[in-house]
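*Asks:* Below is the structure I would like to discuss, written out as structure tokens.
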Amino acid sequence: MTPSLQAEHDLAPAELNAIEERLNGDNRRLTGRGDDRALVFALRNEQGRAVGAAAGYSWAGIAELTLMWVDEAYRGLGHGRKLLDAFVAEAAARGSQRVWVSTYDFQAPGLYEKAGFERTAELTGWPEGHSNIILCKTLAGNA
């Protein structure tokens, strides 16, 4: 049977998650490292609604911060730094040697640099007129 290629721009999250888990399974098998775990901190308001998050994962001696967000009403109050510091501390506790993050020039590269991250790459034209910046922090004692 020959598979058919289809555009499915609204693929159900459950199906996309199942596909991602299959990819992760391949990665575990190929590296011999099955220590991947989600790494998430949420900032919640008095009603329990998420108004900020730092989310990613740890795996194979690294951690990657894939989502960092603080609601506009809570920005400028140090919450982003608290979320970042908590993420980095948990990554270190898990034995990660480095923490990686990708951010755009119009987001918060300065936040990461102030927290000890170093730019390792800047990809111009991603998106057009801007740059995607890759930063890394080496964790003391784990390297």
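*Asks:* Is one or more of the residues making up region 80-90 without any contact (Cβ under 8 Å) to a residue 24 or more places away in the chain, surrounded by fewer than 18 Cβ atoms within 10 Å (Cβ to Cβ), out of contact with any Ser or Thr (no Cβ under 7 Å at 6 or more places or on another chain) and farther than 26 Å from L23 by Cβ?
*Replies:* Yes, that holds for at least one residue.
*Asks:* Picking from R98, R37, which residue would you name as being touching a residue at least 24 places away in the same chain (Cβ under 8 Å), loosely packed, with under 13 Cβ neighbours inside 10 Å and within 27 Å of E20 (Cβ to Cβ)?
*Replies:* Within the list R98, R37, the selection yields R37.
*Asks:* For region 126-140, enumerate the residues that are more than 16 Å from A92 (Cβ to Cβ) and either among the charged types (D, E, K, R) or in contact (Cβ under 8 Å) with a residue 60 or more places away in the chain (or both).
*Replies:* Across region 126-140, the qualifying residue is only E128.
*Asks:* Any residue in region 118-125 that is within 27 Å of R49 (Cα to Cα), without any contact (Cβ under 8 Å) to a residue 40 or more places away in the chain and among the small types (G, A, S)?
*Replies:* Scanning region 118-125 turns up no residue that is within 27 Å of R49 (Cα to Cα), without any contact (Cβ under 8 Å) to a residue 40 or more places away in the chain and among the small types (G, A, S).
*Asks:* I've got another one for you. Would you check which residues across region 42-60 are assigned to a strand (DSSP E or B), of a type outside the set (A, V, I, L, M) and without any contact (Cβ under 8 Å) to a residue 12 or more places away in the chain and list them?
*Replies:* Within region 42-60, R44 is the sole residue that qualifies.
*Asks:* State yes or no: is D10 among the acidic types (D, E), in contact (Cβ under 8 Å) with a residue 24 or more places away in the chain and assigned to a loop (DSSP other than H, G, I, E, B)?
*Replies:* no
*Asks:* Moving on. Mind telling me which of the residues G52, G61 ends up being of a type outside the set (D, E), at pLDDT 95 or above and surrounded by fewer than 17 Cβ atoms within 10 Å (Cβ to Cβ)?
*Replies:* So the residue among G52, G61 that is of a type outside the set (D, E), at pLDDT 95 or above and surrounded by fewer than 17 Cβ atoms within 10 Å (Cβ to Cβ) is G61.
*Asks:* Looking at region 51-83 only, could you name the residues that are touching a Lys or Arg at 6+ places or on another chain (Cβ under 6 Å) and of a type in the set (G, A, S)?
*Replies:* Those that are touching a Lys or Arg at 6+ places or on another chain (Cβ under 6 Å) and of a type in the set (G, A, S): S58, A60.
The values are calculated or read from the model by the stated rules, or taken from the named source; none is laboratory data. Not measured: the values here are computed from a predicted model. With ideal geometry, Cβ positions are generated from the backbone for all residues, glycine too; neighbour counts draw on all protein chains shown.
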